[in-house]
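Accompanying notes for the structure given below.
The values are calculated or read from the model by the stated rules, or taken from the named source; none is laboratory data. Not measured: the values here are computed from a predicted model. Virtual Cβ from ideal backbone geometry, glycine too; neighbours counted across all protein chains shown.
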């Protein structure tokens, strides 16, 4: 998707796809993807009380690309496990969008001995997203590891 849109900026991607973003008070809900049947238009509602809305929008874009053909309301009422699976998939999508593999692999030496908190702060992302990415990349690249909450580059 980054290649297709030429960016991983969620606002640009939404603009390219003609998906509107509305910020409002959603209580405890961080955000949701909504399809307006009457206007054949998608809308991402984001809770205005959250500062880093990029993550919420990236998550909802995950639902758009992965689940928009599903009637998730009916499905989630039938199966809690399926709802959790869909949420997990949207989280993985958001992680891949906001922190592509090449960013860490190309700049891995820069982050040598940084804590996950420092890397998360640098990219303005939550620690769980960075941790998931680094753990996933450890499967792809045996030269990158987490040791005592620090990114470690292992020289072969």
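Before moving on, here are some points about what is shown:
- Count of the stretch 1-47 residues which are assigned to a helix (DSSP H, G or I) and over 13 Å from residue 97 (Cβ atoms): 5
- Of all the residues in the stretch 35-47, those that are more than 20 Å from residue 9 (Cα to Cα) and at pLDDT 90 or above number 1.
- Test: residue 151 is modelled with pLDDT of 70 or more, farther than 23 Å from residue 12 by Cβ, assigned by TED's automatic domain parsing to the domain that holds residue 9 and buried (at least 16 other Cβ atoms within 10 Å of the Cβ): no
- Residue in the stretch 126-133 that is under 18 Å from residue 7 (Cα atoms), under 13 Å from the mean Cα position of the chain (by Cα) and modelled with pLDDT of 85 or more present: no
- Residue count for the stretch 104-117 satisfying the condition of being surrounded by 14 or more Cβ atoms within 10 Å (Cβ to Cβ) and in a helix (DSSP H, G or I): 4.
- Inter-residue pairs, beta-carbon under 6 Å, first under 12 Å from residue 17 (Cβ atoms) and in the stretch 54-69, second assigned to a helix (DSSP H, G or I) and at pLDDT 95 or above, 6+ apart: 57/10
- Taken over the stretch 48-88, the residue count meeting the criterion of being modelled with pLDDT under 90 and assigned to a helix (DSSP H, G or I) is 17.
- All told, residue 94 meets the bar of being crowded, with 20+ Cβ neighbours inside 10 Å and either closer than 30 Å to residue 70 by Cα or at pLDDT 80 or above (or both).
- When the stretch 1-21 is filtered for residues that are more than 20 Å from residue 124 (Cα to Cα) and modelled with pLDDT under 95, the ones remaining, listed by number, are 1, 3, 4, 5, 6.
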